[in-house]
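Structure, as structure tokens:
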Amino acid sequence: MSMRDAVAAFVHDGDTVCLEGFTHLIPTAAGHEIIRQRRRDLTVVRMTADIVVDQMLAGGCVKRLVSSFVGNSSAGSLGELRRRIERADPEPLEFEEYSHHGMVCRYQAGAQRLPFLPLRSYAGSDLPGVNPALRKVTSPYPGPDGELEQIYVVPPVNPDVTFIHAQRADRLGNTQIWGLTGVQAEAVYAAKRAVVVVEEIVDDEVIRADPNRTVVPAHAVDAVVHCPRGAHPSFAQGYYDRDNAFYRSWSHISKDAERLRAWLDEWVYGTRDHAEYAARLADHFRDHLAVGEALSGQVDYGRRL
């Protein structure tokens, strides 16, 4: 499907939408199309709420954020998000906060359709004081001391739709990722629908020749979107580098609400789709974000004689 058709089909006002990719392969183009289509009152689930979330907030798409990290990826702050949380400007943002591990456990519980998942890492943390969803249950099994213990649990998350970005897929949706993989597979399985956005669509034989890179299999995928450079300003291992200059500039752009909205008018509303967005940056990709070849070698899987 095209990105326009995928968002039109799978994202509706009031939905819970997951955009997952950890530093690497962030589905920015999907977020931009959601902004273009002016979706409203969304709950956005993203472990690392960063630039794409700031942009969707400025586009008026997000009512509630579920996350474990808020920031401009080591390059500064998110101006729109800070205005919403600190001053309710132009309106408040509902924010549900977890740890990274807590979010991973929520995806795992959602993927397995479990009612909750236990974890130990909230002991001694202040997070249970600000998030009532972090609760304790009595373990049905004795602990190391022979006594029944109280242990924290997190609820599952089951988004209406998950968007992930990846390097490649075949037309059936068998999706391959290498480099930093994050929790894309768990986020896909936890969702009711899943859209995979890829740098390229390849023949079945390419996927079959390297099956261990298939992180998300076809049966879990509802749509495949071909969208080269769709992770910018993050990176796609083997395709283009991280745009550190853009990350550094974003703090200055988003600090000023009018400047941020002017950026959206030019780069999101002012482009028909991500192909036009990327075309405007073609020289930048060539001169500053190009990567060299680093092949990983070959593996002999063997076959019956």
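Net charge near Val216: determine it from the other residues with C-beta under 12 Å of the C-beta of Val216, scoring Lys and Arg +1 and Asp and Glu -1.
Net charge in that neighbourhood comes out at -2.
Grab every C-alpha pair in segment 95-149, bin the distances at 5 angstrom width from 0 up to the longest one, and report whole percents.
Here the calculated profile for segment 95-149 is 4, 16, 25, 24, 18, 10, 2, 0.
Can you give me the % of accessible surface on segment 55-105 that is carbon or sulfur? Probe 1.4 Å, all protein chains present, nothing else counted.
C and S fraction of accessible area: 49 percent.
Between His12 and Thr138, what is 0.36 nm times their sequence separation minus the Cα-Cα distance? Round to one decimal in nm.
Between His12 and Thr138, full extension yields an extra 41.5 nm.
On full extension of the chain, what length is gained from Ser2 through Asp265, given 0.36 nm per residue of separation minus the C-alpha to C-alpha distance?
92.5 nm
Using only alpha carbon pairs under 8 Å that are at least six residues apart, calculate the relative contact order of the chain and give it in whole percent.
Once normalised by length, the contact order is 20 percent.
Taking +1 at the Cβ of each Lys and Arg and -1 at the Cβ of each Asp and Glu, which of Ser67, Gly297, His232 sits farthest along the dipole of the chain towards its positive end, judged by Cα position relative to the Cα centre?
Ser67
Quick one: length gained pulling Trp178 to Asp283 fully straight, 0.36 nm per residue minus the C-alpha distance?
35.2 nm is the gain from fully extending Trp178 to Asp283.
Compare the peptides 201-210, 289-298, 243-252, 176-185 by average per-residue count of other Cβ atoms within 10 angstrom and give them in order, highest first.
176-185, 243-252, 201-210, 289-298
Pop the C-beta distance of Asp273 and Phe95 into the FRET formula with R0 = 35 Å and round what comes out to the nearest 0.05.
Efficiency, rounded to the nearest 0.05: 0.70.
For segment 65-156, which trypsin sites (Lys or Arg not before Pro) pass both filters: DSSP loop (anything but H, G, I, E, B) and at most 12 other C-beta atoms within 10 Å?
When the trypsin sites (Lys or Arg not before Pro) of segment 65-156 are filtered for loop state and at most 12 Cβ neighbours within 10 Å, Arg113, Arg120 remain.
The values are calculated or read from the model by the stated rules, or taken from the named source; none is laboratory data. None of the values given here were measured: they were computed from a predicted structure. Note that we place each Cβ from the backbone using ideal geometry, even for glycine, and neighbour counts take in every protein chain shown. What goes into the accessible areas is simple: the full protein's heavy atoms, side chains included, and nothing from ligands, DNA or RNA. Shrake-Rupley method; radii C 1.70, N 1.55, O 1.52, S 1.80 Å.
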